[in-house]
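Structure, as structure tokens:
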Amino acid sequence: MNHSPELSVAQWRSSSYSNASGGECVQVSDDFPGLVPVRDSKNPTGPALVLRAAAWSAFVSSPADAAAPPPGWSTAAGHGRGLGS
């Protein structure tokens with residue numbers, strides 16, 4: 001069973017920080033509850049990364065919030081940072 005969103009119908013938006021030509025940024029879609037598709041604005045027909053909304057929120061949180069690892073990450077001693085189970 002395929003649970004991938006149908007991205008061909010997505011409405012994409014660019015970051016407010018992107019330049020006027022739309023280069024050097026990512027685009028996201030708000031069309032899929034609980035998911036955030038992300039793509040390279042320079043390659044709109046290329047692949048997209050689909051993240052859970054919580055993971056995207058952790059990724060774009062302010063640097064002040066960066067001291068705490070995002071949900072699902074492990075900081076086990078001697079193992080550095082990596083995905084938790």
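Points worth noting:
- By the count of other C-beta atoms within 10 Å, a proxy for reagent exposure, S57, S29 are ordered fewest to most as S57, S29.
- Net charge of Cβ neighbours under 15 Å - reference A48; Lys, Arg +1; Asp, Glu -1: 0
- If the segment from D30 to T45 were pulled out straight at 0.36 nm per residue, it would be longer than the present Cα-Cα gap by 3.6 nm.
- Each of V50, V60, V38 was scored by other Cβ atoms within 10 Å of its Cβ. Arranged with the fewest first, they read V60, V38, V50.
- Residues L49, L7, arranged from fewest to most other Cβ atoms within 10 angstrom of their Cβ, appear as L49, L7.
- Per-residue extension of 0.36 nm, minus the Cα-Cα distance of R52 and H3, leaves a gain of 16.4 nm for this segment.
Rule-based calculations on the coordinates, nothing more; no lab input. None of the values given here were measured: they were computed from a predicted structure. As a convention, Cβ positions derive from the backbone with ideal geometry for all residues, glycine included, and neighbour counts pool all protein chains shown.
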